[in-house]
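**Student:** Quick one: the structure is below, and I'll ask about it shortly.
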Amino acid sequence: MGFSITGLVIAAMIFAPNLLFIAFVPKNIPEGIKDAGLLFTVVERIGQAGCMVLLVISKDNFEAASIDVWFFLMMICIVVYYCLWIRYFVQGRDFSLLFKPLGFIPIPMAIFPVLAFSFAAIWGKSVWIGISAILLAIGHFANSWNIYKHLR
């Protein structure tokens, strides 16, 4: 345990685009949009907080980690996630773009950050980050899928 600059960088890379919502609110948010329920939202938030905090305090996990396939898979997921954010901005910040499929992949803006956290957990050999990523997946996928269905 201890402060991990690597973990901080990973967490910041994944969560930083979400800060853009403060300045660039999505357009055309439909009325009546609801998440999948309080339980899924609580699980999602616990997963988010767990991923963030555990990455930042996982010095031992990332200090000795060598660059391997899990690192590259994590980075690919982050790059794809950034490309999805670029799509969102280039195409006019319409709310529906946050849930628009990427080819055959539904809700990619939920899937790719969760995959990035999952690959970070494997890369850093952290069961706790992995558990947090699973909790994040349960809540984030349920909430995103619920909105995706509403938009269709």
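The values are calculated or read from the model by the stated rules, or taken from the named source; none is laboratory data. A quick note: this is a predicted structure, and the numbers were derived from the prediction, not measured. Glycine also receives a Cβ, built like all others from the backbone with ideal geometry; neighbour counts cover every protein chain displayed. Accessible surface areas use protein heavy atoms only, side chains included; no ligands, DNA or RNA. Shrake-Rupley method; radii C 1.70, N 1.55, O 1.52, S 1.80 Å.
**Student:** Which Cα, out of S132, I122, F104, lies furthest along the positive dipole direction of the chain (beta carbon charges, K/R +1, D/E -1)?
**Tutor:** F104
**Student:** In addition: To the nearest 10 square angstrom, what accessible area does D68 show with a 1.4 Å probe?
**Tutor:** Estimated to the nearest 10 Å², D68 gives 50 Å².
**Student:** Let me ask something else about it. Number of Lys-Lys pairs in the range 26-152 under 28 Å by Cα, sequence gap 8 or more or different chains?
**Tutor:** Going through the range 26-152 pair by pair, I get 6.
**Student:** What are the radius of gyration and Dmax of the chain, computed over its Cα atoms and given in Å?
**Tutor:** 15.6, 49
**Student:** Also: Enumerate by residue number the GluC sites (Glu not before Pro) in the range 11-81 meeting two conditions: DSSP loop (anything except H, G, I, E, B), and at most 16 other Cβ atoms within 10 Å of the site's Cβ.
**Tutor:** Sparse-neighbourhood loop GluC sites (Glu not before Pro): E31.
**Student:** Another question, then. Once the Cα atoms of helix 69-90 and of the chain are each reduced to a long axis, what angle between those two axes, in degrees from 0 to 90 to the nearest 10, is obtained?
**Tutor:** 30 degrees
**Student:** Once both axes come from the Cα atoms, what is the angle between helix 38-56 and the longest principal axis of the chain, in degrees from 0 to 90, rounded to 10?
**Tutor:** 40 degrees
**Student:** Largest first and to the nearest Å, give the Cα extent of the range 8-71 along each principal axis.
**Tutor:** Here the spans come out as 49, 28, 22 Å, largest first.
**Student:** Roughly how big is the range 33-131's charge dipole about its Cα centre, with Cβ charges of +1 (Lys, Arg) and -1 (Asp, Glu), in debye to the nearest 20?
**Tutor:** 240 debye
**Student:** Rounded to whole Hz and in sequence order, give me ³J(HN,Hα) for the range 112-128 from the Karplus expression 6.51 cos²θ - 1.76 cosθ + 1.60, θ = phi - 60°, writing x for Gly and Pro.
**Tutor:** After applying 6.51 cos²θ - 1.76 cosθ + 1.60, I find 5, x, 5, 4, 4, 5, 5, 5, 5, 4, 5, 4, x, 6, 10, 4, 5 Hz.
**Student:** 5 Å is the cut-off here: which amide hydrogens, built 1.01 Å from N in the peptide plane, fall below it relative to D94, excluding neighbours closer than 5 in sequence?
**Tutor:** Answer set, sorted by chain and number: K27.
**Student:** Cβ neighbours within 10 Å, averaged per peptide: list 100-110, 51-61, 116-126 in order, most packed at the top.
**Tutor:** 116-126, 51-61, 100-110
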